[in-house]
Amino acid sequence: MEKLFAQIEKYIIYAIILLLPVFTLSISPNPYVVSKIALLFYGLILVLLVRAVRVITSGKLEFSVAKYDLPVTIIGISYVLATLLKTPNKMEALLLPGITTVTVGAILIYYLLNQLKDDEKSMVARLLVLSGSVFSVLTLLSFAKIFEKIPQLPGFFKAQGFTPEGGFLPSAIFLFTLLPLGIAAVLSAKDSAKKIVYGVSTFIVLLGLLVSVYNLLPGRTFSPRFPGYSTSWSIAVDALKESPLFGTGPGNYLTAFNRFRPLAYNQTDLWAIKFATASSYFLTVLTEAGLLGIAGFILLFYTLYKTARKEFREMKLVKWGFTGMANMVSLVMVSLLLLFFPATLLIIAVLFIYLALSTKTHKTSLNLLAQGSQETHTGVISTQQVASRFPALLISVPVILVLLFSGYRGSKILLGEYKFKKALDALVKNDATGTYDTMREAIRLNPRVDRYHSTFSRVNLIIANAIAQRAQTVQGKEGEPATISEQERTTISQLVQQAISEGKAAVALNPLRSGNWEILAQTYRAIMPLAQGADQFTVQTYRQAVALDPINPNLRIALGGVHYALKDYDGAVRIFELAAATKNDFANAHFNFAFALRDAGNLDRAIQEMTLVLSLITDKEGNDYKIAKQALDDLQAKKKAEAPAGEELNPPQAAEEPVIQPPIDLPEGSEPPEAPTTPTPSQSPTPSVKVSITPSPTIVP
């Protein structure tokens, strides 16, 4: 029986290795990450369940240990502790981007692979090569636009640039590091048929690699762009100043990027792009998992360096050839590449798989059978062994229960993600009822995902605005607010309150994420024409968004626009001036600044700013230049006419007139949540505004 369970365990591991590179399902808006996490999660649960049953049936726990176990364990512990202690929204670390689930799962794969025999590990390497060939075939078919001609395929299969890993850079890294394993498989195969199979597979891997590299060349559509290493290093250092041991928490790099990126980043052509990873995987580790996480990797690679030197020397002496060192070569290759590039789920898993394939192990065993004594029929007490499985049960049963509970919770989380995807599909089809109901179901299944709440907030706003606009069209005269029925007023009030509640829930789940505050501010801004008191809430939430993303000029322009709409021109001038200071070559910041100066009565300064706008616009024949030129002419002629919006130049807008009359009253509890206390980043052009606001909402259970 124990041998049967051992075989089952081995084949489940084989299945995980074979399927992981190519596994993609349309169960999430991100089919590449979530589907692979699901495979890894449930595959490991099955393996651990079988192993727990093996412990019970055999009465002993057999395991193999290796020299890399200590640093690998440190890495795993660092991610778990950083998630528990630092990540504000644990679901980001577990589901999407799911870096903790991926890292811990990859580490468990490492330990499980180390329980296999050497010939079984060789099979794992060959399965990776075969899976890589399928990966390459899918990439090649996508590149040849074959998938576009098959209507039955999911939409992401037909997307331009599809690969099973969702990008050409991780595909190139994966396929490149597979080449040594493929060559070794061909050289070591004794059967001609196997040589042909592995040879063809390796050749297909090479073709997939060439296509991936071709698409990464500069000038190509999918050529990757990342922030400079100096930017990533600066973010990591500032993150460590706040939390040296555990960093900002796994899955939370975007928050660190918003808060700590240097002001010099705004002078690059990537200034408007926000990144969820550093330019190097290990800089991401340093930022998210802190000194403890990076210490584990340093210890790992120090041990790897000593081991590699020793093994390469031995292999050279005994003339084992390339076959004996292929696993180590692949491990060194992926390690070096991660110094310069970020990592995806597959690349992290591959790193630990190569580590397991490259290490030597020795077995040990822990006896879990209890010993006892009993009295013989002669009355003489003799000692003899009485087998009892109680110690084995004591260890295995709690593990089984935890695994079953984890599987149940995981199924609810994945079902929630699937419902969220279906809600977005209904939104694309303009199915308001389907979108609303399915989104509510997703939140019911998993209320701890801020993405769900933010999207549902917008859905409620869209429906509320649609009702108000419809009432205005049907009942109101052109240019005048409509008088709506009590039922419509109640419906709009409920939708507005729901939109605010969902926005506040997103903020509560991750209060340090500027984007969540921005979405809440946009919610308040959208209901300013509908509800009294929304204007002050809009200002408060935008201020907090700016405090958490201090060098974002667009946030300051949005905040200044609210002040301008409320006819607080002096406040708008101050904020637009700061927006221009964060990016002094941003024409739209100076454009808005000029309008605020005009209405604040400082006409001379307004003319200077508008003149600067003209010098910053490179396309002298475009609409933006014409708009700015007309605005400058108007200023110089001391006219007060409003300039129309251009392609990129959008002047601040006056407050919208009430759509409905009288405006609805915001119910109690509609105020913004309390702002978190955070240090002011040093790169901000001026100290961030401290906001004192009213009590926070009830956090979603």
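Being among the basic types (Lys, Arg), under 30 Å from Phe275 (Cβ atoms) and surrounded by fewer than 24 Cβ atoms within 10 Å (Cβ to Cβ) narrows it down to one of Lys583, Lys620, so name that one. Steps first, answer last, please.
Values: Lys620 fails: under 30 Å from Phe275 (Cβ atoms).
After ruling out the rest, the residue left standing is Lys583.
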Note on the range 1-36: residues assigned to a helix (DSSP H, G or I), under 21 Å from Val399 (Cβ atoms) and among the hydrophobic types (A, V, I, L, M, F, W, C) are Leu4, Phe5, Ala6, Ile8, Ile12, Ile13, Ile16
Result of the Cβ filter at 8 Å on the range 310-332, keeping first residues that are of a type outside the set (A, V, I, L, M, F, W, C) and partners that are at pLDDT below 75, at least 6 apart or interchain, is Gly321/Met315; Gly324/Met315
| task | Could you tell me whether Pro88 is in contact (Cβ under 8 Å) with a residue 24 or more places away in the chain and either surrounded by 20 or more Cβ atoms within 10 Å (Cβ to Cβ) or within 30 Å of Leu292 (Cα to Cα) (or both)? | result | yes
**Request:** Look at Ala106 and say whether it is out of contact with any Ser or Thr (no Cβ under 9 Å at 6 or more places or on another chain), in contact (Cβ under 8 Å) with a residue 24 or more places away in the chain, in a helix (DSSP H, G or I) and crowded, with 18+ Cβ neighbours inside 10 Å.
**Result:** yes
Reported set for the range 114-139 where residues are in contact with a Gly (Cβ under 6 Å, 6 or more places away or on another chain) and aliphatic (A, V, I, L, M) is Val129
When every residue in the range 125-140 that is surrounded by fewer than 22 Cβ atoms within 10 Å (Cβ to Cβ) and among the β-branched types (Val, Ile, Thr) is compared, the one nearest to Ala185 (Cα to Cα) is Val134
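Among the residues of the range 500-521, is there at least one that is of a type outside the set (Gly, Ala, Ser), part of a helix (DSSP H, G or I), surrounded by fewer than 20 Cβ atoms within 10 Å (Cβ to Cβ) and at pLDDT 85 or above? Quick ask: steps written out before the conclusion?
So the first thing to find is which residues in the range 500-521 are of a type outside the set (Gly, Ala, Ser), and the list is 500, 502, 504, 507, 509-513, 516-520.
Within this subset, residues satisfying the condition of being part of a helix (DSSP H, G or I) are 500, 502, 504, 507, 509, 516-520.
Going one step further and asking which of them are surrounded by fewer than 20 Cβ atoms within 10 Å (Cβ to Cβ), we end up with none.
No, there is no match, as no residue in the range 500-521 is of a type outside the set (Gly, Ala, Ser), part of a helix (DSSP H, G or I), surrounded by fewer than 20 Cβ atoms within 10 Å (Cβ to Cβ) and at pLDDT 85 or above.
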Ser493: passes all of (1) crowded, with 19+ Cβ neighbours inside 10 Å; (2) modelled with pLDDT under 90; (3) among the hydroxyl-bearing types (Ser, Thr, Tyr) but (1)
Among the residues of the range 1-28, the number that are surrounded by fewer than 18 Cβ atoms within 10 Å (Cβ to Cβ) and polar (S, T, N, Q) is 2
When restricted to Ala326, Ala349, the only residue at pLDDT below 95 and assigned to a helix (DSSP H, G or I) is Ala326
Exercise. With respect to Val200, is the statement that it is surrounded by fewer than 16 Cβ atoms within 10 Å (Cβ to Cβ) and touching a helix residue (DSSP H, G or I) at 6+ places or on another chain (Cβ under 8 Å) true?
Worked result: yes
Going through the range 44-72 in order, the residues found to be basic (Lys, Arg) and more than 34 Å from the chain's Cα centre (by Cα) are Arg54, Lys60
Check your understanding: Any chance the range 257-276 includes a residue that's β-branched (Val, Ile, Thr) and at pLDDT 95 or above?
Key -> no
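Touching a residue at least 12 places away in the same chain (Cβ under 8 Å), more than 30 Å from Leu299 (Cβ to Cβ) and not in a loop (DSSP other than H, G, I, E, B): is that true of Ser133 in this structure? Let's see the steps before the verdict.
Numbers: touching a residue at least 12 places away in the same chain (Cβ under 8 Å): yes; more than 30 Å from Leu299 (Cβ to Cβ): yes; not in a loop (DSSP other than H, G, I, E, B): yes.
Judged against the criteria, Ser133 is a match.
With the condition kept exactly as written, say whether any residue in the range 280-292 is under 34 Å from the mean Cα position of the chain (by Cα), surrounded by 20 or more Cβ atoms within 10 Å (Cβ to Cβ) and in a loop (DSSP other than H, G, I, E, B). Don't jump to the end; show me each part of the working.
Taking the range 280-292 and keeping what is under 34 Å from the mean Cα position of the chain (by Cα), we get 280-292.
With surrounded by 20 or more Cβ atoms within 10 Å (Cβ to Cβ) added as a condition, the list becomes 280-290.
Cutting the leftovers down to in a loop (DSSP other than H, G, I, E, B) gives us 280.
The answer is yes, given that some residue of the range 280-292 is under 34 Å from the mean Cα position of the chain (by Cα), surrounded by 20 or more Cβ atoms within 10 Å (Cβ to Cβ) and in a loop (DSSP other than H, G, I, E, B).
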Among residues of the range 586-596 being in contact (Cβ under 8 Å) with a residue 60 or more places away in the chain and closer than 25 Å to Thr523 by Cβ, the residue surrounded by the fewest Cβ atoms within 10 Å (Cβ to Cβ) is Asn588
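Residues in the range 67-75: is at least one more than 30 Å from Tyr302 (Cβ to Cβ), among the hydroxyl-bearing types (Ser, Thr, Tyr), modelled with pLDDT of 95 or more and part of a helix (DSSP H, G or I)? Outline the logic, then answer.
The initial filter retains those residues of the range 67-75 that are more than 30 Å from Tyr302 (Cβ to Cβ), namely none.
No: the range 67-75 contains no residue that is more than 30 Å from Tyr302 (Cβ to Cβ), among the hydroxyl-bearing types (Ser, Thr, Tyr), modelled with pLDDT of 95 or more and part of a helix (DSSP H, G or I).
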Does any residue of the range 154-167 turn out to be in contact with an Asp or Glu (Cβ under 7 Å, 6 or more places away or on another chain) and buried (at least 21 other Cβ atoms within 10 Å of the Cβ)?
no
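Which residue, of Gly166, Gly208, Gly182, is in contact (Cβ under 8 Å) with a residue 24 or more places away in the chain, small (Gly, Ala, Ser) and outside any helix (DSSP H, G or I)? Steps first, please.
Working: Gly208 fails: outside any helix (DSSP H, G or I); Gly182 fails: outside any helix (DSSP H, G or I).
Exactly one residue qualifies, and that residue is Gly166.
If you go through the range 589-618 one residue at a time, how many are small (Gly, Ala, Ser) and within 16 Å of Pro553 (Cβ to Cβ)? So that I can check it myself, show each step before the final result.
Filtering the range 589-618 down to residues small (Gly, Ala, Ser) leaves 589, 594, 596, 600-601, 606, 615.
Subsequent filtering for residues that are within 16 Å of Pro553 (Cβ to Cβ) retains 589, 594, 596.
Number of matching residues: 3.
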task: Could you check, for the range 381-388, whether at least one of its residues is at pLDDT below 95, in contact with a Phe, Trp or Tyr (Cβ under 8 Å, 6 or more places away or on another chain) and not β-branched (Val, Ile, Thr)?
output: no
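The values are calculated or read from the model by the stated rules, or taken from the named source; none is laboratory data. If you're wondering where the values come from, they're calculated on a predicted model, not measured in any experiment. Heads up, the Cβs are rebuilt from the backbone with ideal geometry, glycines too, and the neighbour counts pull from every protein chain shown.
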